[in-house]
1. Among Glu245, Glu79, Glu142, which one moves the most in a GNM of the chain with springs linking Cα atoms closer than 10 Å?
2. Once the Cβ-Cβ distance between Glu107 and Asp202 is put in as r, and R0 is 30 Å, what FRET efficiency do you end up with, to the nearest 0.05?
3. Determine, for the chain, the count of lysine pairs separated by eight or more sequence positions (or lying on different chains) whose alpha-carbon distance falls under 20 Å.
4. Taking the chain as a Gaussian network, where each spring joins two C-alpha atoms under 10 Å apart, which residue of Lys98, Lys32, Lys59 fluctuates the most?
5. What distance in nm separates the two pseudo spin-label positions at Thr52 and Trp252, each 7 Å out from Cα along the beta-carbon direction?
6. Hey, of (1) 53, 41, 38; (2) 44, 43, 36; (3) 50, 42, 32, which did the structure itself give for Cα extents along the principal axes in Å when calculated?
7. Would you work out the charge dipole size for the range 7-271 about its Cα centre, treating the Cβ of every Lys and Arg as +1 and the Cβ of every Asp and Glu as -1, and quote it to the nearest 20 debye?
8. Distance from a point 7 Å along Cα→Cβ of Gln126 to each backbone N in the range 56-97: keep the residues under 14 Å and list them by number.
Amino acid sequence: MSYIIKFSLNHMVHPSCDARELITAAAKLGIKAIELRNDIQANSINDLQQATEIGALAKENGIEILSINALYPFNIWNEERATQADNLAQLAQACGAKGLVLCPLNESSYQATEETKSENLRIALQALDAVLGQYHLYGFVEPLGFPASSLRLKRTAADVIQALSLESRFGLVHDTFHHRGGGEQEMFANITRLVHISGVEDPDVSFDVMQDAHRILVGPGDRLDNIRQIRQLLANGYNGYFSFEPFSRAVWDLPDPFAAVKKSMDYISSQL
């Protein structure tokens, strides 16, 4: 059985370009969605007027803005986080984004018990429900598969979201890198709202120590089993976007990263 896949561009695919260039590139590639970021220095979305202008340009080009990526660390809720969340929500609303990506604390020095981590997640989601609801936004919860992550598994996030009956506000980000790094098997297609895709080809890095810098585009040498993950998500009913999110300078420093994205798009589509 063959599948139709919808691609998106996360701004991390080429962080040295600005948001206008990202929109132009997406339009040229026939890609109908992008993700903006707040953590790429000069090209971050950090101003309401800027966000409004970018949103208007995206709309003119028929491009949907899926998210601003990301509120970090969303699961350590305090006054500072509440302010950050409100500021990001205003930016997301201004540019017409569907929601915010929510990333958990990833620090090896953080040694809380599983009970405390779960309670912190509950507190954060309940608080964010109010913040995001004010701006009519979704929260895209992205467990990070690193051993140091305070929220490593999608199962943990899904259980808390469902226990709080907040499925209408929050969904999961399935990141193919973090799915493999966390050793997780369950897919949760029914509550997945966004998928991040990247590949790892370095034969000398093990899955429990791989880092963002290893993340390139998906090609024939991929060790993360992206194709199987994508097929399974589609077979299980996921019909959203698959957003390219490489973090490696090997991609960023290419003469034309977007040409490499096109090559990866063609490869993935040929395998489905």
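The values are calculated or read from the model by the stated rules, or taken from the named source; none is laboratory data. No experiment lies behind these values; they were computed from the predicted model shown. Quick reminder, even Gly has a Cβ in these numbers, built from the backbone with ideal geometry, and neighbours come from all protein chains shown. Just so you know, the surface numbers come from the protein's heavy atoms only, side chains and all, with ligands and any DNA or RNA stripped out. Shrake-Rupley method; radii C 1.70, N 1.55, O 1.52, S 1.80 Å.
1. In this elastic network of the chain, the residue with the biggest mean-square fluctuation among Glu245, Glu79, Glu142 is Glu79.
2. For R0 = 30 Å, the calculated efficiency reads 0.80.
3. Eligible lysine pairs with Cα atoms under 20 Å apart amount to 15.
4. Greatest mean-square fluctuation among the candidates belongs to Lys59.
5. Once both label points are built, they end up 3.1 nm from each other.
6. The calculated read-out lines up with (2).
7. The dipole magnitude comes to about 660 debye.
8. 77-78
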